[in-house]
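Single-structure report; data block below.
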Amino acid sequence: MAIFKSVPQALHFAYTIQAYEIGAESAMTKALRRIMMDLGIWEEPGATNASVDFSGLDRIEVRAQCAMIRQMVDDHLPWAERCAIVARYEPAERVEENGKRRFLFSPVRYEAIRALSEYLAPSFGRYNRDTIDLIVARVSDRRVVEGSYREVAAKLGMAHTTFADVYKRVRGRVVELENQAMERLYEHLTPDVVSLDLSLSGSTVYVV
């Protein structure tokens, strides 16, 4: 049985696990359970339809598999596709302010978002770079860039209908890069890592 059921699932897990330190076995087990619950893929012990299978792997081996997946992103993806994946999956940083939890982009993730914005900007020449930056950031993680179309558009001094239109087009380009990256990674992942029964080739594999 493969560890993961899809490339997006493998990527989400491989990047999210970086936020958890290597510790005692029980601590690692709790971390794995929390990640899977966040992903909506947690199954009770003994379930026969679990969508993640770590049987036979200890905590170090799980981390090694995840590191291998992240290395594939660096080694096998063109620059723009790599930026799209890092912008999407690199964990957000959580901070507490006035008793409320906020999410921020890590330096690595912010750099990927800026690079992706720079790559896309020439195709949207009538809009300034700050607009494209903000849209790419919002596409990457709405927890960090909050607000309705009207609220975000107001910050940029744009009509909300104009913002909605350019957002849709930028988002489409980002999703296209993500999908291309997924198919490219799928070619390099082995059956014991991602199930080959759920082929992602030739289809849209990740849409937000």
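The values are calculated or read from the model by the stated rules, or taken from the named source; none is laboratory data. The structure displayed is predicted, hence computed values, not measured ones. Counting neighbours? That spans all protein chains shown, and the Cβs are built from the backbone with ideal geometry, glycine included. Note: areas computed on protein heavy atoms with side chains; ligands, DNA, RNA excluded. Shrake-Rupley method; radii C 1.70, N 1.55, O 1.52, S 1.80 Å.
How would region 92-152 be classified by its alpha-carbon gyration tensor: rounded, prolate or oblate, with rounded meaning a/c under 1.5 and the a/b versus b/c comparison settling the rest? Oblate, since a/c reaches 1.5 and b/c is not below a/b. Values of log10 I(q)/I(0) for region 79-188 across q = 0.16, 0.20, 0.21, 0.23 Å⁻¹ run -0.73, -1.06, -1.14, -1.28, by the Debye formula with one identical scatterer at each alpha carbon and no solvent.
Averaged over its residues, region 79-188 has an accessible area of 53 Å² per residue, based on protein heavy atoms and a 1.4 Å probe.
Summing charges over neighbours of residue 130, with a neighbour being any other residue whose Cβ is under 12 Å away from its Cβ, gives +2 when K and R count +1 and D and E count -1.
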